[in-house]
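One structure below.
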Amino acid sequence: MPHIQLDQHSVYYELSGSGQRTLMLFNGITMSTAAWTLMLPWLESHYRLLRLDFFGQGQSDKPASELYTLGEQAELAHALVERLGIEHFYLAGLSYGGMVAQHYARRHGEHIDKLVLASTLAWSDAVNGAMSDSWIDAQTLGGFDHRYQISIPWLFSSRFLAQHGDMLPDLKRMSALADWPSIVRLINGIRQHDARSWLDSIRRPSLVLVGSEDRLTPRYQADLLLDGIPDAIQKILPGAGHVLHLEAPEAFCHAITGFCPP
């Protein structure tokens, strides 16, 4: 799959699928394009699917800096769609990707047909800041094993842990592939996020999607998005935690196709 040079950096992307309409997916913070694997058979049969690794993720460049801003990542995605000649598309962002998607919709909303914001924040509040600090402290004091262990209750629902706890070692191995210095830069970009004052500038039909057991980006954040975006609806996935692409891939896919006609 191709790399492309954008703003003097190498950016990895994948364009696949057999659908007539384009759906662009924005990764969560420790994800790469490969992390959508469970959803690909369904989505690729309905859409032309565009995925990319943001700065600091997967196979894209990881420039040395204090942080990668969400606006910078949004402009990276826009440069990619312009280079590919894609004028209109659906956009779905998960977690970190949902925050980038808000910035994209604010800056370039005329290119978005419909917007899906899944498991994401309207703003980085004090709890998110404390959680970020705890992950950084865990990495510093105990390394990756300790950081992964304390992240588990934030990411997964009680049902998933009870029924699929045997998947955690494999998920841990995948998570270990992410570059930690880059994750810190991505976290620092999230700390600056506060869309509450400009959500009403997002003038695209929007679906706000949240799991009923999401502790990391909880229901009240989804309510802020619902109340702030003029043409938004909300869907709650019962029993799901934060990582919808792993816990509830089928429900996530159906939510997207139900809102964004192929």
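The values are calculated or read from the model by the stated rules, or taken from the named source; none is laboratory data. None of these values were measured; they are calculated from a predicted model. Don't worry about glycine lacking a Cβ; one is built from the backbone with ideal geometry, like all the others, and counts go over all protein chains shown.
List of remarks:
- If the condition is being under 15 Å from the mean Cα position of the chain (by Cα) and of a type in the set (D, E, K, R), then segment 202-248 contributes D214, E247.
- Among the residues of segment 131-151, those that are surrounded by fewer than 14 Cβ atoms within 10 Å (Cβ to Cβ) and either on the phi < 0 side of the Ramachandran plot or not in a helix (DSSP H, G or I) (or both) comprise D133, D137, T140, L141, G142, D145, Q149.
- When segment 16-37 is limited to residues that are under 15 Å from the mean Cα position of the chain (by Cα) and surrounded by fewer than 19 Cβ atoms within 10 Å (Cβ to Cβ), the one that is farthest from V100 (Cα to Cα) turns out to be T37.
- Here the helices (runs of 4 or more DSSP H) wholly within segment 160-262 that include at least 2 residues being of a type outside the set (D, E) and surrounded by 21 or more Cβ atoms within 10 Å (Cβ to Cβ) are 180-191, 219-228, 244-247, 249-259.
- Checking A92 against (1) in a helix (DSSP H, G or I); (2) within 25 Å of P238 (Cα to Cα); (3) at pLDDT 95 or above; (4) among the small types (G, A, S), the condition it does not meet: (1)
- Taking (1) under 16 Å from the mean Cα position of the chain (by Cα); (2) part of a loop (DSSP other than H, G, I, E, B) in turn, Y13 satisfies each apart from (2).
- From G228, G239, residue being in contact (Cβ under 8 Å) with a residue 24 or more places away in the chain, over 26 Å from T30 (Cβ atoms) and not β-branched (V, I, T): G228
- Residue check for A255: without any contact (Cβ under 8 Å) to a residue 40 or more places away in the chain and of a type in the set (G, A, S): no
- Any chance L40 is in a helix (DSSP H, G or I), closer than 25 Å to R173 by Cβ and aliphatic (A, V, I, L, M): yes
- Unique match (being touching a Lys or Arg at 6+ places or on another chain (Cβ under 6 Å), modelled with pLDDT of 95 or more and hydrophobic (A, V, I, L, M, F, W, C)) among L52, L115: L115
- Tally of residues being part of a loop (DSSP other than H, G, I, E, B) and more than 18 Å from Q8 (Cβ to Cβ) across segment 58-83: 3
- Residues of segment 1-15 that turn out to be closer than 21 Å to W36 by Cα and buried (at least 18 other Cβ atoms within 10 Å of the Cβ), as a count: 4
- Hits in segment 19-53 - residues which are over 20 Å from G258 (Cα atoms) and touching a Gly at 6+ places or on another chain (Cβ under 8 Å): N27, G28, M31, S32, T33, A34, A35
- Per-region count, segment 164-197, residues of a type in the set (V, I, T) and in contact with a helix residue (DSSP H, G or I) (Cβ under 6 Å, 6 or more places away or on another chain): 1
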